[in-house]
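Participant: Supplied in structure tokens, the structure appears directly below.
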Amino acid sequence: MKARQLSISGAVEFTPVVYTDDRGTFVSPFEEPGFSEATGRPFELSRTIHSTSRRGVVRGIHFTAMPPAGYKHVYCARGRALDIAVDLRVGSPTFGDWDAVELDGESFRSLYLAEGLGHAFIALEDDTVMSYLCSTRYVPSEELSISPLDPRIGLPIPAGMEPLMSERDTVAVTLDEAAAREMLPDYERCRALFPLP
């Protein structure tokens, strides 16, 4: 498994070896030794998530309040999606920036997002299946959102694509509003509490 640090600290792309023969495909999208070596931590699994989306669905920008914060490992089991890490950590040198990886059900690349990073994805094909490994349990009051259409962030929604979003994401606040409400994680606190690759 190969690991590549994205332009935002705490976001790592993983590329596994995919074995294909006349029977089909065999792959391990997550491997603990490679993950730990690249991130400096073991993965503490609390829950898994599975989502199916049609083309044009935009989910995010989601993050977990701090504390408790949380990290995740995401891969595409079928279809194709643009998976995006957004730096929401106030005081970070890349605050408000994003980096993206195209995930698909052929390469099985995956994305790790550390505490303090927002996560979004754009489904590029119908019947796109995303799988998540998450370090924290689901507590609705701790799950927060930033608008994926915030022009300050400028997510790369393909030209001509009409975003399909949940009501939660449609009414989510902008990055500036979230900062004014002190909803966002602090970069120095994240660095002190959690390992950053």
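The values are calculated or read from the model by the stated rules, or taken from the named source; none is laboratory data. Because the structure is predicted, anything quoted here is derived from the model rather than measured. Counting neighbours? That spans all protein chains shown, and the Cβs are built from the backbone with ideal geometry, glycine included. Ligands, DNA and RNA are excluded from the accessible area calculation, which covers all protein heavy atoms including side chains. Shrake-Rupley method; radii C 1.70, N 1.55, O 1.52, S 1.80 Å.
Participant: For the list (1) in contact (Cβ under 8 Å) with a residue 60 or more places away in the chain; (2) over 17 Å from A11 (Cα atoms); (3) small (G, A, S), I need the number of the one condition that A69 fails.
Facilitator: Checking A69 against (1) in contact (Cβ under 8 Å) with a residue 60 or more places away in the chain; (2) over 17 Å from A11 (Cα atoms); (3) small (G, A, S), the one that fails is (2).
Participant: Taking strands (runs of 3 or more DSSP E) that fall entirely within segment 93-195, which contain at least 2 residues that are open to solvent by 30 Å² or more (accessible area, probe 1.4 Å)?
Facilitator: 98-104, 143-145
Participant: Considering segment 1-24 alone, what residues qualify as being free of Cβ contacts under 8 Å to residues at least 12 places away in the same chain and in a strand (DSSP E or B)?
Facilitator: Hits for segment 1-24 are R4, Y19, T20, D21, G24.
Participant: Hey, any hits in segment 26-39 for a residue that's of a type outside the set (D, E), more than 30 Å from R152 (Cα to Cα), touching a Cys at 6+ places or on another chain (Cβ under 6 Å) and touching a residue at least 24 places away in the same chain (Cβ under 8 Å)?
Facilitator: No, segment 26-39 has no match at all.
Participant: Does at least one position in segment 46-61 carry a residue that is closer than 27 Å to L184 by Cα, in contact with a Pro (Cβ under 6 Å, 6 or more places away or on another chain) and at pLDDT below 95?
Facilitator: No, the conditions are met nowhere in segment 46-61.
Participant: Which residues, taken from segment 30-54, are open to solvent by 50 Å² or more (accessible area, probe 1.4 Å) and in a strand (DSSP E or B)?
Facilitator: Scanning segment 30-54 gives R47, T48, I49, H50, T52.
Participant: Of everything in segment 33-83, what is under 17 Å from the mean Cα position of the chain (by Cα) and hydroxyl-bearing (S, T, Y)? Give them in sequence order.
Facilitator: T39, S46, T48, S51, T52, S53, T64, Y71, Y75
Participant: Among the listed residues V27, V57, V12, which satisfies the condition of being in contact with a strand residue (DSSP E or B) (Cβ under 6 Å, 6 or more places away or on another chain), open to solvent by 30 Å² or more (accessible area, probe 1.4 Å) and of a type in the set (V, I, T)?
Facilitator: V27
Participant: Sticking with this one: Here is a list: L193, L184. Which entry is within 29 Å of R41 (Cβ to Cβ), in contact (Cβ under 8 Å) with a residue 24 or more places away in the chain and in contact with a helix residue (DSSP H, G or I) (Cβ under 6 Å, 6 or more places away or on another chain)?
Facilitator: Going through L193, L184 in turn, just one is within 29 Å of R41 (Cβ to Cβ), in contact (Cβ under 8 Å) with a residue 24 or more places away in the chain and in contact with a helix residue (DSSP H, G or I) (Cβ under 6 Å, 6 or more places away or on another chain): L184.
Participant: Right, next: Specify the residue that is modelled with the highest pLDDT; the eligible residues are those in segment 102-160 that are more than 11 Å from the chain's Cα centre (by Cα) and of a type in the set (F, W, Y).
Facilitator: Filtering first and then ranking leaves F108.
Participant: What's the total number of residues in segment 77-92 that are of a type in the set (D, E, K, R) and open to solvent by less than 40 Å² (accessible area, probe 1.4 Å)?
Facilitator: Selection size over segment 77-92: 3.
Participant: Given (1) open to solvent by less than 20 Å² (accessible area, probe 1.4 Å); (2) assigned to a strand (DSSP E or B); (3) farther than 15 Å from C134 by Cβ; (4) of a type in the set (V, I, T), identify the lone condition not met by V74.
Facilitator: All conditions are met except number (3).
Participant: Scanning segment 180-197 for residues that are among the hydrophobic types (A, V, I, L, M, F, W, C) and more than 15 Å from T94 (Cβ to Cβ), which turns out farthest from the chain's Cα centre (by Cα)?
Facilitator: In this case the residue turns out to be A180.
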